[in-house]
Amino acid sequence: MVENIQKPIFKIQNLSAFYGAKEVLRKININILSNSVTAIIGPSGCGKSTFVRSLNRINDLILNFRVQGKIFYHNKNIYDKDVDVVELRRKVGMVFQKPNPFPKSIYENIAYGLKIHNFIKKEMIDEIVEKSLKKAALWDEVKDNLKQNALSLSGGQQQRLCIARALAIEPEVILLDEPCSAIDPISTAKIEELIYELKKNYTIIIVTHNMQQAARVSDYTAFFLSGELIEFGKTEEVFKAPKDRRTEDYITGRFG
Amino acid sequence: MSRKIFSRRLDKIFKILGISFMVFSLLVLLVLLIDVFLDGKSRLTWGFLTSFPSRKPQQAGILSAWVGSVWIMITTAIFALPLGIGAGIYLEEYARKNRLTKFIEINIANLAGVPSIIYGLLGLGLFVRYLNLDRSVLAGGLTLALLVLPIIILSTQQALRAIPFSIREASYAVGATKWQTVRHQLLPAALGNIMTGVILAMSRAIGETAPLITIGALTYIAFLPQSPIIFLKNFPFVRFSLKGMFDPFTVLPIQIFNWVSRPQKGFFTNAAAGIIVLLCLTLIMNISAILLRHHYQGKIRW
Ligand SMILES: Nc1ncnc2c1ncn2[C@@H]1O[C@H](COP(=O)(O)OP(=O)(O)OP(=O)(O)O)[C@@H](O)[C@H]1O
Ligand SMILES: [Mg+2]
């Protein structure tokens, strides 16, 4: 596969996932390298969300969800019994497909993740709130009404707030499930810039339906099709010279 | 064409029918209210609220009845709120969704529909006799707590269920534990609906007569349960005491019932005045439920 210059942070071996009896991921094998951006592409319903939602075990919340296989995070299988899920989720942050701010103030949305874990001084929280909002390109729009209810923001603003919320707790990995689907081109550009910036300190996995975006921001690209990993490689190679016919069809738009 | 005209006419007929039904039922209610008010208004005085019952209708008041009602409400709330809300949270957020949970939930829903006198019999057997609480405020409050418990559990569950799943995901995704999610996200978001349910349950409890008569609440009481706050001459000047919980009591509906069953005309007037007081209490509780709901709905919309 890909030569490992950086070391893999996630090693995924034979991952299959089921909702009830329905298998939606089949024997996925993939290594995610640290401090890189990996794009997940594929048609709707192919299991992209399910894949990223397995990486921080947020899908544990879904009643009849089940996985087989192993996901090593820093060489520890996250589905082992002795894994502290709370700790895992702080290390592997997530931004969801639909914006889901808490029905609280903008400030509280970001401060929440900080408050529940450590005793941090108020000034520190203020500082982190500001820093996170700036990173997510939202600060200028909301700096005067941090007390405002987050639900009164527009969809795009809400999504950037969710990005800020994920950044505030300083995870190692950030899972972005179509973060730009509700955002205008200008904010999208800002987010892409942010991803480029974040790559220095974070590992990023981004699900996207936008081929240009995948090509622009990612180092590696994985193409999923009906629950299988069809192709995985350096983004340039996947886009310029795909090995699989189906990848080519999808990228060039000849495919669903 | 004619079919269109026909269905439009049907629409109109239905509308008129609906409006007349509504007006009719409102009128009946209004007539009842006015009738009660006219009957009772001559006794609606300060003295009526501050006097004990008496053999002479002119001197009889509802002091022991309304104080008893307040005592019972407080006792009921002390037991029913934490138990009901706690059980609701457990069933909705913690319990595994298996057959047993389902079975328990169905039973709770059924309990909400059990006639209140059955709770009275349970209270008589369990609290009055077995636990030897006698005909005390505590026995009455516990009995009514049992009565409203299913309602509070159900409304807590419904309030939690109304919160989008994505809020839970958001909370867990920043590394919150289950308890932190419940405590900081779900409870605040559900509080408006939970409180509305609680107040409606309590306003049902305040009108209940049968279970309290069953456990043997008295109809003639010329003293009050000991006050929970006692003022002292010396430091620390106040003392709190729950001894009143073990005193006998009566409540508004029982007092009213007692007066209605007497032959003298004066007691009839007293009963009407008592009903007005009870109605006002219920009305106040319902209005605060509506205001609460309004207040929280203004703040939270998904
Ligand atoms: N909670 C669930 N219960 C049952 N089936 C589900 C559930 N969530 C997803 N699925 C099914 O799993 C499959 C993969 O869904 P998933 O959400 O991972 O797709 P996706 O690639 O993210 O699609 P999209 O691009 O539309 O977001 C789909 O067939 C979907 O119907
Ligand atoms: Mg998806």
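Any read-out appearing in this document is the output of simple, stated calculations on the displayed coordinates, not a laboratory observation. None of the values given here were measured: they were computed from a predicted structure. Neighbour counts are summed over all protein chains in view; Cβ atoms, including those assigned to glycine, are modelled from backbone coordinates with ideal geometry.
Backbone phi angles across region B:42-58, fed through the Karplus curve with coefficients 6.51, -1.76 and 1.60 (θ = phi - 60°), yield HN-Hα couplings of 5, 9, 6, 10, 4, x, 4, 6, 10, 10, 7, x, 8, 6, 8, x, 5 Hz in residue order; Gly and Pro are listed as x. Mean projected area of the Cα convex hull of region B:39-173, taken over all directions, amounts to 12.7 nm². Between B:LEU38 and A:LYS115, the FRET efficiency from the beta-carbon distance, with R0 = 45 Å, is close to 0.15. Based on the Stokes-Einstein relation at 20 °C and a viscosity of 1.002 mPa s, and on the Kirkwood radius from alpha carbon pairs, the protein assembly as shown is assigned a translational diffusion coefficient of 75 µm²/s. Would you work out the Kirkwood radius for region A:89-184? I mean one over the mean of 1/r across all pairs of different Cα atoms, in Å. In region A:89-184 this quantity evaluates to 13.1 Å.
Residues whose amide H falls under 5 Å from that of A:ILE230, counting only those 5 or more places apart or on a different chain, are A:PHE223, A:PHE224, A:LEU225, with hydrogens built in the peptide plane.
Each residue of region B:89-100 is assigned a 3J(HN,Hα), and the resulting list reads 4, 4, 4, 7, 9, 9, 4, 5, 7, 10, 4, 4 Hz, derived from the Karplus form 6.51 cos²θ - 1.76 cosθ + 1.60 (θ = phi - 60°), x at Gly and Pro.
Averaged over the residues of peptide A:106-116, the number of Cβ atoms from other protein chains lying within 10 Å of each residue's Cβ is 3. Helix A:122-135 and the longest principal axis of the Cα set of chain A meet at an angle near 50°. Here's the picture: a label point sits 7 Å out from the Cα of A:ASN201 along the beta-carbon direction, and within region A:150-179 the residues with their amide nitrogen under 14 Å of it are A:164-174. The H on the amide N of A:ILE206, modeled in the peptide plane, is under 5 Å from the matching H of A:THR38, A:ALA39, A:ILE40, A:LEU176, each at least 5 residues off or on a different chain. Amide hydrogen proximity for A:ARG66: with H placed 1.01 Å from N in the peptide plane, the residues at 5 or more positions away or on another chain lying under 5 Å are A:PHE18, A:GLY20. Summarised in one figure, the compactness ratio Rg/Rh of region A:34-251, Cα atoms and Kirkwood Rh, is 0.97.
Go ahead and run the numbers for FRET between A:GLU237 and B:ASN107, Cβ-Cβ distance against an R0 of 56 Å, rounding to 0.05. The calculated FRET efficiency here is 0.35. Here is the list for region B:1-97: trypsin sites (Lys or Arg not before Pro) lying in DSSP coil, each with at most 14 other C-beta atoms within 10 angstrom of its C-beta, are B:ARG55, B:ARG96, B:LYS97. What share of the DSSP beta bridges in the protein assembly as shown is antiparallel, in percent to the nearest 5? Of those bridges, close to 65 percent are antiparallel.
Taking 41 Å as R0, compute the FRET efficiency from the Cβ-Cβ separation of B:LYS178 and A:ASP144 and round it to 0.05. After rounding to 0.05, the efficiency reads 0.70.
Inter-label distance, A:MET124 to B:ARG161: 4.2 nm, where each label sits 7 Å from its Cα along the C-beta direction. When the square roots of the Cα gyration tensor eigenvalues are ordered a ≥ b ≥ c, the ratio a/c for chain B is 1.5 or more and a/b does not exceed b/c, which makes its shape oblate. In region A:207-236, which residues have a backbone nitrogen under 20 Å from the label point lying 7 Å from A:ARG245's Cα in the Cα-to-Cβ direction? The answer is A:223-232. For region A:125-236, the calculated P(r) over all alpha carbon pairs, in 5 Å bins from 0 to the bin holding the longest distance, is 2, 11, 21, 23, 18, 12, 7, 4, 2, 0 percent. Taking 4 °C and 1.567 mPa s as conditions, region B:230-302 diffuses translationally at an estimated 79 µm²/s according to Stokes-Einstein applied to its Kirkwood radius (Cα pairs). Region A:38-83 and region A:118-197 have Cα centres separated by 24 Å. What separates the Cα centres of region B:117-150 and region B:1-48 is a distance of 39 Å.
Note on B:TRP46 and B:LYS243: their simple-model spin labels are 3.0 nm apart, each label 7 Å out from Cα toward Cβ.
Put in line by how crowded their Cβ is, counting other Cβ atoms within 10 Å and starting with the fewest, B:ASP247, A:ASP184 read A:ASP184, B:ASP247.
For the set A:LYS22/A:LYS200; A:LYS7/A:LYS135; A:LYS115/B:LYS97, the pairs lying more than 28 angstrom apart at their alpha carbons are A:LYS22/A:LYS200; A:LYS115/B:LYS97.
Phi angles of region B:163-168 translate, via the Karplus equation with coefficients 6.51, -1.76, 1.60 and θ = phi - 60°, into HN-Hα couplings of 7, x, 4, 4, 5, 5 Hz per residue; Gly and Pro are given as x.
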